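S.K.: Quick one: the structure is below, questions incoming.
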DNA sequence: CGTCAGCGGGTTTTT
DNA sequence: CCCGCTGACG
């Protein structure tokens, strides 16, 4: 219906869309219409080649990207067909496979999914166990780092034949026990989900074939960010059909720290290769700055972005005296930009390297006063995109732990979290006794609790503690009963009643003020379950609960927690450089572009500088028309004021593209 | 066993 | 500066 030039494909885009067979590598520069190519390609397969929509698989990196693709595809072929195409993140896709087939690897389909902090808790416990209580536990950071690395590579152990180094041996032992516990708890985490999917494909040819047959055309977005395990999964999955299309941009690889291998895209064995370098997003001052910056990297396919949009405004750069004034200056400029260019708030994004920077910006936006046609207003509307806020809140994690424990009885991690929450007299002493016994006798925690309550095992618990354990088991039983007969939402409401969560939260709120949103969060959680239930009407409640808990663990459908209709309201968008990948905004503000922030001081040591440069490149190329880069001379760090230097990367952008302004210029 | 105050330690990015 | 943890006390 619309006749914008962007609705038609340029020759290379068209070629990428029509080259459906074989292994296709699409090198797509920032803003070159990558998503458009992917969605048109799916539409082409369905409409021109008669491929059933269900035979098409599109894998993305984030839920946001998957949702965006689904939306655009719906626009092309209608919602009914679009819904039959599998579009999901790698992790969601693996979740689906594992729910169906993981029993072949000795887990059950009720498995729990642990996040980073769950793993950390477990590692802490394991470390205490290995070292005993008398020894001081060393900082776990280096151990965690070693472990994370090994696991992201799908290794169950660190390198063999390593130096007899105490720390490595310790880490190895932790890793070994962690793996055993995860299995005993019937639990996976983000890394092992991928790892076990790969293992399933390798060890069970029938299962591999089943999944191979389900998808005859596979497309992968952001291929530069895939890890070796993800590479293996896709290779196995597409071996039979041979049809694999990967789309990516080596210059936008920013997840090396999570195990992404630039090698995947640099060495991809293709039968067809297509490069998209015409940019349809930004004016040329922005693109030339980005090109100049990224030219400083060595590991890359050379390319030069260009667009037909003219030079546009130069990039604006300013230095504020401190971080508060920087944030205020940004708020001020947002209002100015709105008036001058007629942008809506939602056209404007504020991007930062690390989440910690959002706080100060929020404060400035909240208190900023400005004049509108309707009078003086206070507060610029904003929305934080992809913040890790909600699901990490303790009250939500606690409630979720109850659900996890109900779904997966073996989930000792979840059980331990809630045996004494809300407080019911089972203190540390009792908990220690319980866990020690469970470990020593290799008796699953839940069974031990039941035996203890029944008097079959005596742990010499205090009367109070014993009563607490019994009460706890009764609660779980009652909730399970309730879940069987009613809806999930009703079951959860019953649970909340039963544990007197309201009273517990009131108590917490009383002791540390400013927490009154906790109860609100709980209510929001309940209504999110109701919504979920409505969306999945007709499904059996136990599988529904499984799905809900799984989705939440993968932060799927998180939109339901991010205000009513994310993106609908007219609000400035705040997010990290990482989260901004794949998005575009008429105007972008990059704040805190200082030398310890970008490049981050922690990444300067290893191979990180090139990745940090790519990260800034990604951020810069989000902007369509206006880009403002700012920094503060002084910034509070660890509570103390400290001087900052401009990012070294700024000096790599030719001065002619930059316009330096005074921070308080009106 | 629960509570509270005081202390030291720590900030990258995400599924 | 904001936590989470520790240790003393009720």
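The values are calculated or read from the model by the stated rules, or taken from the named source; none is laboratory data. Note that the coordinates shown come from a computational prediction; the quantities given were computed from them, not determined experimentally. As a convention, Cβ positions derive from the backbone with ideal geometry for all residues, glycine included, and neighbour counts pool all protein chains shown.
S.K.: Of the numbered conditions (1) under 23 Å from residue A:65 (Cβ atoms); (2) touching a strand residue (DSSP E or B) at 6+ places or on another chain (Cβ under 9 Å), residue A:645 fails exactly one; give the number of that condition.
M.R.: Going through the list (1) under 23 Å from residue A:65 (Cβ atoms); (2) touching a strand residue (DSSP E or B) at 6+ places or on another chain (Cβ under 9 Å), residue A:645 breaks only (1).
S.K.: Just one of the numbered conditions (1) crowded, with 16+ Cβ neighbours inside 10 Å; (2) under 23 Å from residue A:535 (Cα atoms) is not true of residue A:54; which one?
M.R.: The single condition residue A:54 does not satisfy is (1).
S.K.: Based on what the data block shows, is residue A:404 outside the structural domain of residue A:366 (by the TED database) and modelled with pLDDT of 90 or more?
M.R.: yes
S.K.: Check segment A:636-656 and report whether any residue there is within 16 Å of DNA strand B (Cβ to nearest atom) and closer than 22 Å to residue A:222 by Cα.
M.R.: Among the residues of segment A:636-656, not one is within 16 Å of DNA strand B (Cβ to nearest atom) and closer than 22 Å to residue A:222 by Cα, which makes the answer no.
S.K.: Does segment A:388-400 contain any residue that is within 30 Å of residue A:111 (Cβ to Cβ) and more than 16 Å from DNA strand B (Cβ to nearest atom)?
M.R.: Within segment A:388-400, one or more residues are within 30 Å of residue A:111 (Cβ to Cβ) and more than 16 Å from DNA strand B (Cβ to nearest atom).
S.K.: Same structure again: Out of segment A:300-328, which residues are in contact with a helix residue (DSSP H, G or I) (Cβ under 6 Å, 6 or more places away or on another chain) and either without any contact (Cβ under 8 Å) to a residue 24 or more places away in the chain or more than 17 Å from residue A:30 (Cβ to Cβ) (or both)?
M.R.: Once the filter is applied, which keeps residues that are in contact with a helix residue (DSSP H, G or I) (Cβ under 6 Å, 6 or more places away or on another chain) and either without any contact (Cβ under 8 Å) to a residue 24 or more places away in the chain or more than 17 Å from residue A:30 (Cβ to Cβ) (or both), segment A:300-328 yields A:311, A:314, A:320, A:323, A:327, A:328.
S.K.: Considering (1) in contact (Cβ under 8 Å) with a residue 40 or more places away in the chain; (2) touching a helix residue (DSSP H, G or I) at 6+ places or on another chain (Cβ under 8 Å), say which one residue A:493 fails and leave the rest.
M.R.: All conditions are met except number (1).
S.K.: Also, I was wondering about something else. If we only count helices (runs of 4 or more DSSP H) wholly inside segment A:379-483, which ones have 1 or more residues that are under 34 Å from the mean Cα position of the chain (by Cα) and farther than 30 Å from residue A:347 by Cα?
M.R.: Numbers: elements: A:389-392, A:394-407, A:412-418, A:428-440, A:445-453.
Helices (runs of 4 or more DSSP H) meeting the threshold: A:394-407, A:412-418, A:428-440, A:445-453.
S.K.: What number of residues in segment A:635-649 are in contact (Cβ under 8 Å) with a residue 60 or more places away in the chain and loosely packed, with under 15 Cβ neighbours inside 10 Å?
M.R.: 2
S.K.: Does segment A:326-348 contain any residue that is within 16 Å of DNA strand C (Cβ to nearest atom), more than 21 Å from residue A:581 (Cα to Cα) and in a helix (DSSP H, G or I)?
M.R.: Keep residues of segment A:326-348 that are within 16 Å of DNA strand C (Cβ to nearest atom), which gives A:327.
Retained after the next criterion (residues that are more than 21 Å from residue A:581 (Cα to Cα)): A:327.
Now drop any that are not in a helix (DSSP H, G or I), which leaves A:327.
Yes, some residue in segment A:326-348 is within 16 Å of DNA strand C (Cβ to nearest atom), more than 21 Å from residue A:581 (Cα to Cα) and in a helix (DSSP H, G or I).
Every residue, every condition in (1) at pLDDT 95 or above; (2) over 24 Å from residue A:549 (Cβ atoms); (3) in the same structural domain as residue A:554 (by the TED database), yes or no:
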{"site": "A:174", "(1), (2), (3)": "no, yes, no"}
{"site": "A:179", "(1), (2), (3)": "no, no, no"}
{"site": "A:201", "(1), (2), (3)": "yes, yes, no"}
{"site": "A:204", "(1), (2), (3)": "yes, yes, no"}
{"site": "A:208", "(1), (2), (3)": "yes, yes, no"}
{"site": "A:216", "(1), (2), (3)": "yes, yes, no"}
{"site": "A:227", "(1), (2), (3)": "no, yes, no"}
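S.K.: Next up: Could you run through segment A:350-378 and say how many residues are closer than 19 Å to residue A:619 by Cα, in a helix (DSSP H, G or I) and either away from DNA strand C (no atom under 16 Å from the Cβ) or in contact (Cβ under 8 Å) with a residue 24 or more places away in the chain (or both)?
M.R.: Final tally of qualifying residues: 4.
S.K.: Identify all residues within segment A:168-194 that are under 18 Å from residue A:116 (Cβ atoms) and outside any helix (DSSP H, G or I); write none if there are none.
M.R.: A:185, A:187, A:188, A:189
S.K.: Still on this model: Could you tell me whether segment A:561-570 includes any residue that is at pLDDT 90 or above and either farther than 30 Å from residue A:430 by Cα or surrounded by 19 or more Cβ atoms within 10 Å (Cβ to Cβ) (or both)?
M.R.: Yes, segment A:561-570 contains a residue that is at pLDDT 90 or above and either farther than 30 Å from residue A:430 by Cα or surrounded by 19 or more Cβ atoms within 10 Å (Cβ to Cβ) (or both).
S.K.: Same structure again: Do we find that residue A:139 is more than 18 Å from the chain's Cα centre (by Cα), within 10 Å of DNA strand B (Cβ to nearest atom) and at pLDDT below 70 in this structure?
M.R.: Here the answer is yes, as residue A:139 does meet what is asked.
S.K.: Any residue in segment A:59-71 that's over 12 Å from residue A:581 (Cβ atoms): show its pairings with residues that are surrounded by fewer than 23 Cβ atoms within 10 Å (Cβ to Cβ) and at pLDDT below 90 at Cβ separation under 6 Å, as long as the two are six or more apart or on different chains.
M.R.: Sorted first by the residue in segment A:59-71, then by its partner, the pairs are A:63/A:556.
S.K.: Sort out which residues of segment A:605-634 are within 16 Å of DNA strand C (Cβ to nearest atom) and surrounded by fewer than 23 Cβ atoms within 10 Å (Cβ to Cβ), and write them in order of number. Break it down stepwise before answering.
M.R.: Of the residues in segment A:605-634, the ones within 16 Å of DNA strand C (Cβ to nearest atom) are A:632, A:634.
Across segment A:605-634, the qualifying residue is only A:634.
S.K.: Can you name every residue in segment A:606-642 that is in contact with a strand residue (DSSP E or B) (Cβ under 8 Å, 6 or more places away or on another chain) and modelled with pLDDT under 90? Quick ask: steps written out before the conclusion?
M.R.: So in segment A:606-642, the residues in contact with a strand residue (DSSP E or B) (Cβ under 8 Å, 6 or more places away or on another chain) come out as A:616, A:619-620, A:622-636, A:641-642.
Within segment A:606-642, A:636, A:641, A:642 qualify.
S.K.: Hand me the list of strands (runs of 3 or more DSSP E) wholly inside segment A:40-121 holding 3 or more residues that are farther than 26 Å from residue A:406 by Cβ and modelled with pLDDT of 95 or more.
M.R.: Where strands (runs of 3 or more DSSP E) fall fully within segment A:40-121 and carry at least 3 residues being farther than 26 Å from residue A:406 by Cβ and modelled with pLDDT of 95 or more, they are A:56-60.
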